[in-house]
Ligand SMILES: Nc1ncnc2c1ncn2[C@@H]1O[C@H](COP(=O)(O)O)[C@@H](OP(=O)(O)O)[C@H]1O
Ligand SMILES: [Mg+2]
Ligand SMILES: [Mg+2]
Ligand SMILES: [Mg+2]
């Protein structure tokens, strides 16, 4: 008899614990961000002690909670810059942050050396791929939002045989009340959301401080005139002109809601808006950790995430996603209309760019 399908319950519980602890570390750093906490990576994108600390912490918690299993992690950061001369103080601070966060939890009796922290960060060097299980981690997605004091997310997913089977998004600054509605935004609302999804089992949201989870669902809006859409806050990450042309074609009335990070997938999963549009500038290659957790959070809530050609996102190709121009997300009713609007806006863009 064939083995029953894996339920991934134990893995989801470990992922929730890891992401929640990492969120605690990040919240502490965001409150008292020092100039020396921020570095620049080789591609000039920012990275902070919290990105490194979060990656080390998630890697350690997963390994400790799931000790009997082989462990593969595809994660954004590596220790290269931290091993260079002049980084000793930064490494010391990261190590203290990780140890303090672990001891604040009370269930781990671990005290890590600086070398342990470097090794934990570097356990994220896996290439992923179509076979076996691979954790996929963005220790802080939306580092630019994190630095501005805005939205960011700790995004953790699990691939099994090339498919995302669970995902957790910890969004420490995301209001529990809907975003993108001016009536509710003016109220002082509680912030800190944890989304979790397991294949075939739906998506749940709870507060990061531990309220019971409740099931969420994407918006059931059918008329685009009633829909609102999310996109990146950073114009460098997504072509705002193109999304606005798509929205106009669809008949969307509301202005875009611009927020950082995969918090966009979470807000969509609970029905705050109906559409997420992401069109990077030419030549940019999307990484799997920027979408794996968000993708299952929104699809298990009834949404659909595809590239601009309507193909499902394929997480089995290694560290990068292979895509046809851009990522679009919405509900099943709006997807055909959205795909038409996307195709026609993309064609217009090509025509206007080509010489007569
Ligand atoms: N030129 C670019 N185009 C598209 N995405 C980019 C980009 N430069 C960086 N990014 C990605 O955009 C992510 C943030 O997405 P968003 O715009 O939705 O907040 C970044 O994640 P990190 O913050 O983890 O580095 C980074 O991986
Ligand atoms: Mg990211
Ligand atoms: Mg990141
Ligand atoms: Mg980054």
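Read-outs throughout are calculated quantities, based only on the coordinates presented, and are distinct from any laboratory measurement. Here the structure is a predicted model, which is why all the values come from computation and not from measurement. Virtual Cβ from ideal backbone geometry, glycine too; neighbours counted across all protein chains shown.
Brief remarks on what is shown
- Reducing segment 216-242 and segment 30-60 to their Cα centroids gives an inter-centroid distance of 29 Å.
- Peptides 327-333, 77-83 ordered by packing proxy, namely the average of other Cβ atoms within 10 Å per residue, highest first: 327-333, 77-83.
- In this label model, residue 64 and residue 333 are separated by 4.7 nm, measuring between points 7 Å along each Cα→Cβ vector.
- Sorting 58-70, 151-163 by their mean Cβ neighbour count within 10 Å, with the most densely packed peptide first, gives 151-163, 58-70.
- Packing, taken as the mean count of other beta carbons within 10 Å per residue, orders the peptides 201-208, 18-25 from highest to lowest as 18-25, 201-208.
- Global geometry of segment 53-142, whether rounded, prolate or oblate, following the gyration tensor of its Cα atoms and the 1.5 cut on a/c: oblate
- Extension gain from residue 248 to residue 41, taking 0.36 nm per residue of separation minus the Cα-Cα distance: 70.8 nm
- Rounded, prolate or oblate (a/c below 1.5 giving rounded, otherwise prolate when a/b exceeds b/c) for segment 107-186 by Cα gyration tensor: oblate
- In degrees, nearest ten, helix 240-250 long axis to first principal axis of the chain (Cα): 50
- In plain terms, the chain from residue 87 to residue 116 could stretch by 8.9 nm, reckoned as 0.36 nm per residue minus the Cα-Cα distance.
- Rounded tilt (10° steps) of 49-65 against the dominant C-alpha axis of the chain: 70
- Projection of the Cα convex hull of segment 9-216, averaged over all directions and equal to a quarter of that hull's surface, yields 12.4 nm².
- Order of 51, 116 under a 10 Å beta carbon neighbour criterion, fewest first: 116, 51
- Taking only Cα atoms of segment 141-242, radius of gyration then Dmax in Å: 15.4, 45
- Two-decimal ratio, the chain, of alpha-carbon radius of gyration to 2.2 N^0.38 Å: 0.97
- Contact order relative to length of the chain, as percent, for alpha carbon pairs under 8 angstrom and 6 or more apart: 16
- Computed over segment 224-353, relative contact order equals 26 percent, with contacts defined as Cα pairs under 8 Å that lie 6+ residues apart.
- Between helix 9-31 and the chain: long-axis angle, C-alpha atoms, 0 to 90°, nearest 10: 90
- Cα gyration tensor category, rounded, prolate or oblate, for segment 193-345 with a/c compared to 1.5: oblate
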